[in-house]
Every structure is written in structure tokens, then in C-alpha cells.
Amino acid sequence: MRSTEEIVESLRDALAGVGVVLPSLSVDPVTGASDEPFALVDLGRCNVRTAEHLTEVLRSLPVRETLRARVRQVNREPKSR
């Protein structure tokens with residue numbers, strides 16, 4: 001299993017690959033320092049142009065209904081610790 005820091009870096013790279021930079025992207029310091037097994041990822045703040053560009057990128061992606069259904073299913077499952 002990858003660390004939260006590795007996942008944040010992977011997300012940073014993926015976003016950069018589509019031209020989006022979230023300058024405040026980081027591991028949430030509170031949950032990162034706690035005993036919580038999965039720290040939160042702080043997407044941070046960005047300017048309006050970056051938010052608009054991120055919206056354009058996300059809307060341009062093909063979203064398959066099977067993926068959408070799977071995400072809904074996972075979100076309904078009880079959280080394990």
C-alpha cells in the first residue's frame with residue numbers, strides 16, 4: 001500500500017500532466033500526524049483560472065456509467081478501519 005505522501009505526489013503528477021497545478025496540494029497535517037490509517041489529502045486553494053481549467057479537464061474526460069456505478073457502490077460500503 002502506498003503512503004499518503006506517495007499518493008499526493010502521484011496526484012500532483014497526474015494533474016500536471018493535464019496542465020493543472022494546485023499549489024496547496026498536500027497531506028492534511030492534522031490527520032497526517034494522527035493515528036488515522038488514511039490521512040486526508042488537502043487539495044488546498046487555487047485561483048479562479050486554475051479552478052476553471054480543472055473543471056474543463058474533468059468535464060472533457062469520458063465518464064463511463066460502469067465507473068460511476070462502481071464509485072457509488074464503494075461510497076455506500078461501510079468504512080473499515
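The values are calculated or read from the model by the stated rules, or taken from the named source; none is laboratory data. Bear in mind the structure is a predicted one, so any value in this text is a computation, not a measurement. Reconstructed Cβ throughout: ideal geometry from the backbone, glycine too, with neighbour counts over all protein chains shown. These area figures cover heavy atoms from the full protein model, side chains too; ligands, DNA and RNA do not enter into them. Shrake-Rupley method; radii C 1.70, N 1.55, O 1.52, S 1.80 Å.
Summary of values
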| read-out | value |
| --- | --- |
| FRET efficiency, ASP35 to GLU77 (Cβ-Cβ, R0 25 Å, nearest 0.05) | 0.65 |
| Accessible carbon and sulfur surface of the chain relative to its total accessible area, %, 1.4 Å | 56 |
| Relative contact order for the chain, counting Cα pairs under 8 Å that sit 6 or more residues apart, in percent | 24 |
| Given [x] 135; [y] 124; [z] 79, the label whose value is volume of the Cα convex hull per residue in Å³ derived from this model | [y] |
| Surface accessible to a 1.4 Å probe, per residue, for the residues of the chain, Å² | 85 |
